[in-house]
1. Give me the residue from segment 1-34 that is of a type in the set (D, E, K, R) and under 27 Å from Val95 (Cβ atoms) and, out of that set, modelled with the lowest pLDDT.
2. May I ask you to list the residues in segment 64-73 that are assigned to a loop (DSSP other than H, G, I, E, B) and within 18 Å of Gly116 (Cβ to Cβ)?
3. Here are some conditions: (1) among the hydrophobic types (A, V, I, L, M, F, W, C); (2) part of a helix (DSSP H, G or I); (3) out of contact with any Ser or Thr (no Cβ under 9 Å at 6 or more places or on another chain). Cys117 meets all but one. Which one does it not meet?
4. Just name the residue that is least open to solvent (accessible area, probe 1.4 Å) out of those in segment 41-56 that are among the aromatic types (Phe, Trp, Tyr) and in contact with a helix residue (DSSP H, G or I) (Cβ under 7 Å, 6 or more places away or on another chain).
5. Pick from segment 88-113 the residues that are among the charged types (D, E, K, R) and either modelled with pLDDT of 90 or more or in a loop (DSSP other than H, G, I, E, B) (or both): which of them is surrounded by the most Cβ atoms within 10 Å (Cβ to Cβ)?
6. Quick check: is even one residue across segment 73-89 of a type in the set (Gly, Ala, Ser), under 15 Å from the mean Cα position of the chain (by Cα) and farther than 29 Å from Ala25 by Cβ?
7. In this structure, does Ser136 turn out to be modelled with pLDDT of 75 or more, part of a loop (DSSP other than H, G, I, E, B) and either open to solvent by less than 70 Å² (accessible area, probe 1.4 Å) or in contact with a Lys or Arg (Cβ under 6 Å, 6 or more places away or on another chain) (or both)?
8. Mind counting the residues in segment 157-172 that are surrounded by 12 or more Cβ atoms within 10 Å (Cβ to Cβ) and in a helix (DSSP H, G or I)?
Amino acid sequence: LQLAYWAFYWIVALVVCRSREYCRAVLTGIVAGALVAALSIYIGLVGGGLNPYNYQGVLASSGWFHTSKEVAGTTLVGAFSALYLGHRTRPRASVVLAVLLVAASLSTLARAAALGCALALLWIALWRLFLAPPRSNRSWALNMLGMMTLFVLAFVCVRGTYDIERRWSDVAEGKQAGSGRATFWPAAIKAYSELDIPRMAYGIGYDAML
């Protein structure tokens, strides 16, 4: 149902946003919301905030949000929206803003966000090398990749790799990898494959999972 909700929401956005100005206004709102979320993450790191991974003995922050994945995803979307909005008119400023938002996202130490960020940066690199039109402005891509490289180096120099190693330490633990996801994802896929077509389409309901 969540997938259906977001697919419907995306279709509605495509129908409503008929003009470039409307689309830019929506993206500007996304960037503004991401900046507020990033600010809460930084405040949490400095002054103490919700640390969902405190049990692992690592320094992280999800700001004023309930889960790190939620705020990490929000700041990542805001980062790449900022790149899109400013890559022609203010390429350097948009890159700096994007790096600050990505840095906030990675500071949550949410592994899904880190993986998503790596894939997005890989796509930017591939686009810059193979897909970008010859006459297009591609300097923003190089600036983004360069600044992200510097950020990663600075992060390692300042904080070391201990927190990252702790967060990814269960990857080699077989069925316990991914906080147990290596166990319950296959179980969920098996249970889903045994459902009939209506239940596959609409789900089994929250009560049926208890």
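The values are calculated or read from the model by the stated rules, or taken from the named source; none is laboratory data. Being a predicted model, the structure only gives us computed values, none of them experimental. All Cβ positions, even for glycine, are placed from backbone atoms using ideal geometry, and neighbour counts span all protein chains on display. We work out accessible area using only protein heavy atoms, side chains counted, and drop any ligands, DNA or RNA first. Shrake-Rupley method; radii C 1.70, N 1.55, O 1.52, S 1.80 Å.
1. Checking each candidate, the answer is Arg20.
2. Hits for segment 64-73 are Phe65, Thr67.
3. The number of the failed condition is (3).
4. Out of the qualifying residues, it is Tyr53.
5. Arg90
6. Scanning segment 73-89, I find no residue that is of a type in the set (Gly, Ala, Ser), under 15 Å from the mean Cα position of the chain (by Cα) and farther than 29 Å from Ala25 by Cβ, so the answer is no.
7. no
8. Final tally of qualifying residues: 5.
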